1. Order these by the 10 Å Cβ neighbour count, fewest first: 284, 22.
2. At 0.36 nm per residue, minus the direct Cα-Cα distance, what do residue 52 and residue 113 gain on full extension? Give it in nm, one decimal, please.
3. Once the convex hull of the C-alpha atoms of the range 42-104 is built, how many Å³ does it hold per residue, rounded to a whole number?
4. What ranking do 351-363, 88-100 get when scored by the average of other Cβ atoms within 10 Å per residue, highest first?
5. Go through 54-67, 34-47 and give me the packing order, highest mean Cβ count within 10 Å leading.
6. Sticking with the crude label model, points 7 Å out along Cα→Cβ, report the distance from residue 287 to residue 361 in nm, one decimal please.
7. Could you work out the relative contact order of the range 8-169? I mean the mean sequence separation of Cα pairs under 8 Å and 6+ apart, divided by the number of residues, in percent.
8. Which ordering of 306, 71 is given by a fewest-first count of other beta-carbon atoms within 10 Å?
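The numbers here are math on the coordinates, done by the rules we state, and not lab data. Owing to the predicted nature of the structure, the values given are computational and were not obtained by experimental measurement. Ideal geometry is used to build each Cβ from the backbone, glycine not excepted, and the neighbour counts take in all protein chains shown.
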């Protein structure tokens, strides 16, 4: 469970905790300044030391981002400060300070551990008050403990609400990114299917028509029939040329410029932020561009679904005899590796089919990196 959430509600809770600290200490401060006794005993100025220490540790524990060990150390100091206040001013009215501690504990751990902590800190204050002649322990054990448990359960409910909202937001972000990637893939596949259909079906039929008209022009005699045949031949050639132009245009669009394709892909994904850097003068063939685009799509999908990355860098450079695509994200490399599955396997097969190499690196503090290299020329099958 997350210790804290850094939003407006968190700062509201911080202010509320400090307000409760001042409100609970105000009667003692008034009695101290006026010299009025509490429960028949004068208030010692030494009470100010644990009181101020408590406020400082509460502010530090709630505002600062601390390691878990240091955070729990501050909570322990808060409990000790409350016990010291109860020991100096022997009044059960010191126990409500524990509500502030219980509120923090509710955000910091599981319900069972928070419940145990609340019981423990209540017993500490009870022990401090037990030294007095009239400790009023019933108030501490009942009302104070009940308020502490209420605050713990409330904090747990808020934590669950925040985690649920985060999970829903993350799922929505992944769905939006996946939809963008699917739309790009479907569009490219449909464009390629249409180009193949034009080339294989219409192109074949028009070529056959042209051949038939060519034969007819040689077997028919001179005259109007031959003129019509020649016109039909011209129309067939013109239509075939147009079909080829359409096929060429579709294929060029399908394997579009690598820079434009990667930048379009980056714009289509709401998160993580994708930074594209292509070295000047990089020349990429159709097959290489298609493979690199698919690798970039898989790297983006991996970053979205598994790594929790905020940024993804796509870099394309040319080296001796090849083209290199490096995709690096700043997420959790272990999560990326654990969930890689068939995605990286398919990426590796695609790259190696074209004679290239794929390397995956997982570095703590750096993130998850995919390094794909392709030769400038695709090797021909034997």
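1. On the way: 284 22, 22 11.
Fewest to most other Cβ atoms nearby, the residues stand as 22, 284.
2. Values: separation 61, 0.36 × 61 = 21.96 nm, distance 2.74 nm.
Residue separation times 0.36 nm, minus the Cα-Cα distance, leaves 19.2 nm.
3. On the way: hull volume 4.0 nm³, N = 63.
Each residue corresponds to 64 Å³ of Cα convex hull volume.
4. Going by the mean number of other Cβ atoms within 10 Å, highest first, we get 88-100, 351-363.
5. Output ranking for 54-67, 34-47: 54-67, 34-47.
6. Modelled inter-label distance: 2.8 nm.
7. 21
8. 71, 306
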